[in-house]
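The values are calculated or read from the model by the stated rules, or taken from the named source; none is laboratory data. Because the structure is a prediction, the values reported are computed rather than measured. FYI the Cβ positions are ideal-geometry reconstructions off the backbone, even for glycines, and counts take in every protein chain you see. With ligands, DNA and RNA removed, areas are computed over all heavy atoms of the protein, side chains included. Shrake-Rupley method; radii C 1.70, N 1.55, O 1.52, S 1.80 Å.
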Amino acid sequence: MADGRFEVFLRFVAGLSSPKATWGLEKFLGKFPNETICLVTDWVKEKVQHQSRNTGNEDDKRHLLNTLHYLFESQNRGLAQAALGTMETLSFSGMTLTPIDCAVLSHVIGLCDTIKHLDLVRCHIQCEGIQRLGPGLHKCQDLRLGMIDLGDSGVKLVSEALRKQQCKMQKLRLNNVGLTESGAKDLASALSTNRSLTELALGGNNLGDTGVKLLCAALRKPRCEKHILWLDHVNLTDSIVEDLVSALITNRSLRKLNMEFNSLTDESVPALRRLILALRSLEWIALAGNQFSRTGEKELWTLQEPNRTLSVYL
């Protein structure tokens, strides 16, 4: 039913594809015909494969989540791996996921070698949900956790995934997750040892100069190469820009930098000029929403050389 009233029953049926489940019921219901078990197995497999291709709207996402619950209830590893096949993308953005939903996702991720894209933006999962997901997060190449109230404790769990030697994470979005300067220490420590992550988005968190200073220490590490860095709406001031620029020049891998809507003034212009001139790899830098004067903006704007692919957004 579209309203989900039979979901509990369907999950029970899915459990019948597990030999352990049928053994427990046989003393009451008699031996299950093998044909029945095969029919249930085929039904679960078909449902997962169909729904994995249809996640365009919230109803589709809910149907996919329900089918993943069927896999979880089956406790049939062979069935799960056959049903998941080459599933590489899981997007549940905008849905409200319970801790049980997160446990199911963790089970699914655990059966996959790699998840290319896991989108949990605005899923209201909070710290408990991340705790359930924690064991498999290191398998996600592109992890999006924006607009979730994780707080420093939730980000600490994400940091643990970054520390794992087998971590495959390349992109991490932690926009507006309640990270503060006191929690930036765990993240910075993880970044200093991680070799896979090249894109990091921290916009909308109250990092302040102290939190960004901790990140600068990580960015100076040779293995901490960042190609794209988002530090918009993080309460940056002029006093930290010199340190940040120094770290980014040392890193020498940056291609895109967003520092929009902070509290930067003309005092930061000389350091920003030095960054732009030193990093020939830089493709664009976004500085809109700060407090530059017309003179300061013009000084930065003129750095867009005709023979260089560089955009300065002010």
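With a Förster radius of 25 Å applied to the C-beta separation of Thr96 and His50, the computed FRET efficiency comes to 0.60.
Counting only Cβ charges, +1 for Lys and Arg and -1 for Asp and Glu, the dipole size of segment 104-197 around its Cα centre is about 320 debye. Within the straight-line cut-off of under 28 Å between alpha carbons, the lysines reachable from Lys45 are Lys20, Lys27, Lys31, Lys61, Lys116, Lys139, Lys168, sequence neighbours fewer than 8 places apart in one chain being disregarded. Note on Ser293 and Leu314: their simple-model spin labels are 1.3 nm apart, each label 7 Å out from Cα toward Cβ. The simple spin-label model puts a point 7 Å past each Cα toward its Cβ; for Glu242 and Thr89 those points are separated by 4.7 nm. For the pair Leu39 and Glu58 in one chain, pulling the backbone fully straight at 0.36 nm per residue adds 4.0 nm over the alpha carbon distance. Surface analysis of segment 196-314 yields an accessible area of 44 Å² per residue, using protein heavy atoms and a 1.4 Å probe. For segment 174-278, the extents of the C-alpha atoms along the principal axes are 33, 28, 18 Å, listed from largest to smallest. Ordering Leu143, Leu202, Val234 by the projection of their Cα atoms onto the charge dipole of segment 141-267, which places +1 on the Cβ of Lys and Arg and -1 on the Cβ of Asp and Glu, puts Leu143 at the extreme positive end. Applying 0.36 nm per residue to the separation of Arg274 and Thr250 and subtracting their alpha-carbon distance, the gain on full extension is 7.4 nm.
For segment 174-284, relative contact order (Cα pairs under 8 Å, six or more residues apart, normalised by length) works out to 25 percent. On the principal axes of its alpha-carbon atoms, segment 255-314 has extents of 28, 20, 16 Å, going from largest to smallest.
Nonpolar atom fraction for segment 56-135, defined as the carbon and sulfur part of the 1.4 Å probe accessible area, stands at 44 percent. Put simply, the amide H of Cys140, placed in the peptide plane, has neighbours under 5 Å in Ile115, Lys168, leaving out anything fewer than 5 places away on its chain.
Highest average first, the peptides 126-136, 219-229 ordered by how many other beta carbon atoms sit within 10 Å of their residues are 126-136, 219-229.
Across segment 82-240, the relative contact order, built from alpha-carbon pairs under 8 Å that are at least six residues apart, equals 17 percent.
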